[in-house]
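The values are calculated or read from the model by the stated rules, or taken from the named source; none is laboratory data. Just so it is clear, the structure is predicted and the values come from calculations on it, not from any experiment. Cβ atoms come from the backbone with ideal geometry, glycine included; neighbour counts cover every protein chain shown.
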């Protein structure tokens, strides 16, 4: 019970701090929201999307699921994209994965995990399509990090093919699609390597998947060096 009550106490302290800095902070945001970003992230509790990116309330529209998956049949996700781009007019749609992801570990393993195996099936496709690159990684850690990037790039690619996104592009709305990977141990965001901003296929190396036009990608087995504490990266993901 003490952990639950602490959340209520933290909320009051945070609200008081924000009002002390700007007495109209919450009043202005109650009237409307004008986010610049839609972030499709993982449900993992170690990935605080707004906190880690410095986004203030009202700046980021968020959708989460296990493994930051994008499925053409997910009505929940499609509804979020429709509202974010069609109504809120967000400028950037970001798929954000992270290091040491439990969903990716489960997808790599030989054991069954019950109902969630249906949800993880596209991650298993990515593993199969990129088996040689993943096998070449020298450690389990670098293999998992590469898989995180490949998974993010796969989901950005699926997003770029979704009729709802292509319809927005055709009608003149230009949401830019991005992929990020968050290194939990370093608290650092990095770009997964691709941005798409128009009605054309997202060009990538690697074999094309025969399933629903979903495709894989190929990147070197590499995990960026973590910056020393107190010396932030010179580049910003925003």
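No other residue among 113, 118 is surrounded by fewer than 19 Cβ atoms within 10 Å (Cβ to Cβ) and over 30 Å from residue 86 (Cα atoms) apart from 113.
Candidates in the stretch 57-66 are the residues that are in a loop (DSSP other than H, G, I, E, B) and in contact with a strand residue (DSSP E or B) (Cβ under 8 Å, 6 or more places away or on another chain); of these, the one that is nearest to residue 38 (Cα to Cα) is 59.
Within the stretch 124-163, being without any contact (Cβ under 8 Å) to a residue 40 or more places away in the chain and surrounded by 16 or more Cβ atoms within 10 Å (Cβ to Cβ) holds for one residue alone: 127. Is one or more of the residues making up the stretch 3-13 closer than 26 Å to residue 68 by Cβ and free of Cβ contacts under 8 Å to residues at least 12 places away in the same chain? Checked the stretch 3-13: at least one residue is closer than 26 Å to residue 68 by Cβ and free of Cβ contacts under 8 Å to residues at least 12 places away in the same chain. In the stretch 79-102, of all residues being surrounded by fewer than 17 Cβ atoms within 10 Å (Cβ to Cβ) and in contact (Cβ under 8 Å) with a residue 60 or more places away in the chain, the one that is nearest to residue 154 (Cα to Cα) corresponds to 100. The numbered conditions (1) at pLDDT below 95; (2) under 15 Å from residue 96 (Cβ atoms) are all true for residue 168 except (2). If a residue must be buried (at least 17 other Cβ atoms within 10 Å of the Cβ) and within 13 Å of the chain's Cα centre (by Cα), how many such residues does the stretch 164-193 contain? Qualifying residue count for the region: 10.
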